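First comes the structure, then the notes that go with it.
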Protein chains: 2
Amino acid sequence: MIKLNKTHYAVLGMLSICPMSGYNIRQMIKQSIGNFWSESDGQLYPALALLNKHGYVTCKSANKPGARENKIYTLTDKGKDELREWLALTPETHSVRNEAMLKLFFGANTTPEINFDHIENLRYQAKAMLAQLTAMRKQLISEEKDSAHLPYWLMCIDHGIQMNEARLSWSESIINNFKK
Amino acid sequence: MIKLNKTHYAVLGMLSICPMSGYNIRQMIKQSIGNFWSESDGQLYPALALLNKHGYVTCKSANKPGARENKIYTLTDKGKDELREWLALTPETHSVRNEAMLKLFFGANTTPEINFDHIENLRYQAKAMLAQLTAMRKQLISEEKDSAHLPYWLMCIDHGIQMNEARLSWSESIINNFKK
DNA sequence: TCGCACATGTAACGCGTTACATGATTAC
DNA sequence: GTAATCATGTAACGCGTTACATGTGCGA
């Protein structure tokens, strides 16, 4: 039995929502789980090819004559089983790397202004993410109200909202102290 | 001019606090910035060797006769300049990968109990991290009260505290809804 | 006709982890 | 005596990003 990596499971998961092309998966990952997951092109297409080769997904070329290439991948029963088994395993915690925090930790080596700028940036990013997630939440509730996925998708969005609210209040409290 | 990577800057930053051995750097990274940064052995020692080779750090073997090997690295002026320059650059945001959230997003493919377990784990982890960070905060305030690093170190710790408080309240609200 | 979005892929390179190799010292 | 910790390093492998290569369809 071949060993699958995280990219493979992310792809299987996406295909559990509905059949899609590689390009669609790419977009979906950016739009819906971009807040806590990412894949790059160089991983995605080879992953799809391997999943297809081993029967976790099937592939149909859905190009009308003369149309552009379009391969639609569909999850097989084998793929569903594999996904279910992976979902039952305790998630591995992988190392976090937050460069902004690293710089701040060494902040005494530079000027207060530079550190302040970095925190300002973080505040701005948190605010932007919050706006985006809040809009997404609203949209999801109206557009997916009958979907079995909705409760789980809301949990993920709410996690993002809470994380960014925390970031925002953290950065604002530092900025306010700095101005005094 | 040679191109340094993140590991090199993390090492330079650690040596800006005080001269240390590779082993000390390893420990310090785990203990003090482990909350938002990590390095592995396979990166650390080669990074130190390269920094030494190019004059960013100097190295003195501080082994008393018959004692175990112990190389103490010290930041040079060139190293300090390099660190300062890097600190002034806007931090790059690198892709986040949170496997627990990924599994939750695909939660509709498995049982509520399995998802509940994952969230329980997250709650437990957040609680443990909070306890650790709170203790660290207290210790820092008393032990480093005259250090120029203290304000920045507190910002980092407070960031961790706020993140984990958000995680905790998020997981608890889901668990409470689940029990109803 | 130009540029953008659609669409699929490969190659090269560097990053990061794990396991391995070695050996001294200290605590039980 | 044996296990844990101190201490330094290398090798192998897989992961992940970036840049490249190629071509279609559509709107301004």
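The values are calculated or read from the model by the stated rules, or taken from the named source; none is laboratory data. Just so it is clear, the structure is predicted and the values come from calculations on it, not from any experiment. Reconstructed Cβ throughout: ideal geometry from the backbone, glycine too, with neighbour counts over all protein chains shown.
Look at residue A:164 and say whether it is more than 8 Å from chain B (Cβ to nearest Cβ), free of Cβ contacts under 8 Å to residues at least 40 places away in the same chain and surrounded by fewer than 17 Cβ atoms within 10 Å (Cβ to Cβ). Lay out the reasoning, then the answer.
Details: more than 8 Å from chain B (Cβ to nearest Cβ): yes; free of Cβ contacts under 8 Å to residues at least 40 places away in the same chain: yes; surrounded by fewer than 17 Cβ atoms within 10 Å (Cβ to Cβ): no.
No; evaluated as a whole, the condition is false for this residue.
In this structure, is residue B:92 charged (D, E, K, R) and surrounded by 13 or more Cβ atoms within 10 Å (Cβ to Cβ)?
no
Do we find that residue B:174 is surrounded by fewer than 20 Cβ atoms within 10 Å (Cβ to Cβ) and either more than 8 Å from chain A (Cβ to nearest Cβ) or hydrophobic (A, V, I, L, M, F, W, C) (or both) in this structure?
Criteria not met by residue B:174.
Is it the case, given these coordinates, that residue A:49 is within 16 Å of DNA strand D (Cβ to nearest atom) and either hydrophobic (A, V, I, L, M, F, W, C) or not in a helix (DSSP H, G or I) (or both)? If you could, list the steps in order and put the result at the bottom.
Values: within 16 Å of DNA strand D (Cβ to nearest atom): yes; either hydrophobic (A, V, I, L, M, F, W, C) or not in a helix (DSSP H, G or I) (or both): yes.
Against the criterion (within 16 Å of DNA strand D (Cβ to nearest atom) and either hydrophobic (A, V, I, L, M, F, W, C) or not in a helix (DSSP H, G or I) (or both)), residue A:49 qualifies.
Taking the stated definitions as given, is residue B:39 over 30 Å from residue B:140 (Cβ atoms) and within 15 Å of DNA strand C (Cβ to nearest atom)?
no
Within 15 Å of DNA strand D (Cβ to nearest atom), at pLDDT below 95 and part of a helix (DSSP H, G or I): does that describe residue B:66?
It is false that residue B:66 is within 15 Å of DNA strand D (Cβ to nearest atom), at pLDDT below 95 and part of a helix (DSSP H, G or I).
Can you pull out the residues in segment A:10-46 that are within 14 Å of chain B (Cβ to nearest Cβ), farther than 17 Å from residue A:156 by Cβ, within 13 Å of DNA strand D (Cβ to nearest atom) and free of Cβ contacts under 8 Å to residues at least 24 places away in the same chain?
A:26, A:40, A:41, A:42 - these are the residues of segment A:10-46 that are within 14 Å of chain B (Cβ to nearest Cβ), farther than 17 Å from residue A:156 by Cβ, within 13 Å of DNA strand D (Cβ to nearest atom) and free of Cβ contacts under 8 Å to residues at least 24 places away in the same chain.
Can you find, within segment A:42-65, the residue that is surrounded by the most Cβ atoms within 10 Å (Cβ to Cβ) among those that are away from DNA strand C (no atom under 12 Å from the Cβ) and within 17 Å of residue A:80 (Cβ to Cβ)? Full working, then the answer.
Here is the first cut: in segment A:42-65, the residues away from DNA strand C (no atom under 12 Å from the Cβ) are A:54-56, A:58, A:65.
Applying the additional criterion that residues be within 17 Å of residue A:80 (Cβ to Cβ) yields A:54-56, A:58.
Numbers: A:54: 16, A:55: 12, A:56: 25, A:58: 14.
Here the residue is A:56.
Collect the residues in segment B:135-153 that are at the interface with another protein chain (Cβ under 10 Å from one of its Cβ atoms) and free of Cβ contacts under 8 Å to residues at least 60 places away in the same chain, keeping them in residue-number order. Give the derivation first.
First pass over segment B:135-153, keeping only residues at the interface with another protein chain (Cβ under 10 Å from one of its Cβ atoms): B:147-153.
Answer for segment B:135-153, where residues must be at the interface with another protein chain (Cβ under 10 Å from one of its Cβ atoms) and free of Cβ contacts under 8 Å to residues at least 60 places away in the same chain: B:147, B:148, B:150, B:151, B:152.
What is the residue count in segment B:109-151 for residues that are part of a helix (DSSP H, G or I) and either closer than 16 Å to residue B:31 by Cβ or among the hydrophobic types (A, V, I, L, M, F, W, C) (or both)?
Initial filter on segment B:109-151 (part of a helix (DSSP H, G or I)): B:109, B:112-143, B:150-151.
Next cut, either closer than 16 Å to residue B:31 by Cβ or among the hydrophobic types (A, V, I, L, M, F, W, C) (or both) only: B:114, B:116, B:119, B:122, B:126, B:128-141, B:143, B:150.
Residues meeting the conditions: 21.
Does at least one position in segment B:72-79 carry a residue that is within 30 Å of residue A:38 (Cβ to Cβ) and away from DNA strand C (no atom under 14 Å from the Cβ)?
No, segment B:72-79 contains no residue that is within 30 Å of residue A:38 (Cβ to Cβ) and away from DNA strand C (no atom under 14 Å from the Cβ).
Restricting to segment B:95-114, and then to whatever is in contact (Cβ under 8 Å) with a residue 12 or more places away in the chain and crowded, with 18+ Cβ neighbours inside 10 Å, can you tell me which residue is farthest from residue A:151 (Cα to Cα)?
Going residue by residue through segment B:95-114, those that are in contact (Cβ under 8 Å) with a residue 12 or more places away in the chain are B:100, B:103-104, B:112.
Imposing the further condition that a residue be crowded, with 18+ Cβ neighbours inside 10 Å reduces the set to B:100, B:103-104.
Working: B:100: 16, B:103: 13, B:104: 10 Å.
If we take residues in segment B:95-114 being in contact (Cβ under 8 Å) with a residue 12 or more places away in the chain and crowded, with 18+ Cβ neighbours inside 10 Å, then B:100 is farthest from residue A:151 (Cα to Cα).
Can you tell me which of A:175, A:157 is assigned to a helix (DSSP H, G or I) and within 30 Å of residue B:121 (Cα to Cα)? Full working, then the answer.
Values: A:175 fails: within 30 Å of residue B:121 (Cα to Cα).
The conditions single out A:157.
Restricting to segment A:81-105, name every residue that is outside any loop (DSSP other than H, G, I, E, B), closer than 15 Å to residue A:13 by Cα and facing another protein chain (nearest Cβ under 7 Å).
The answer is A:83, A:84, A:87, A:88.
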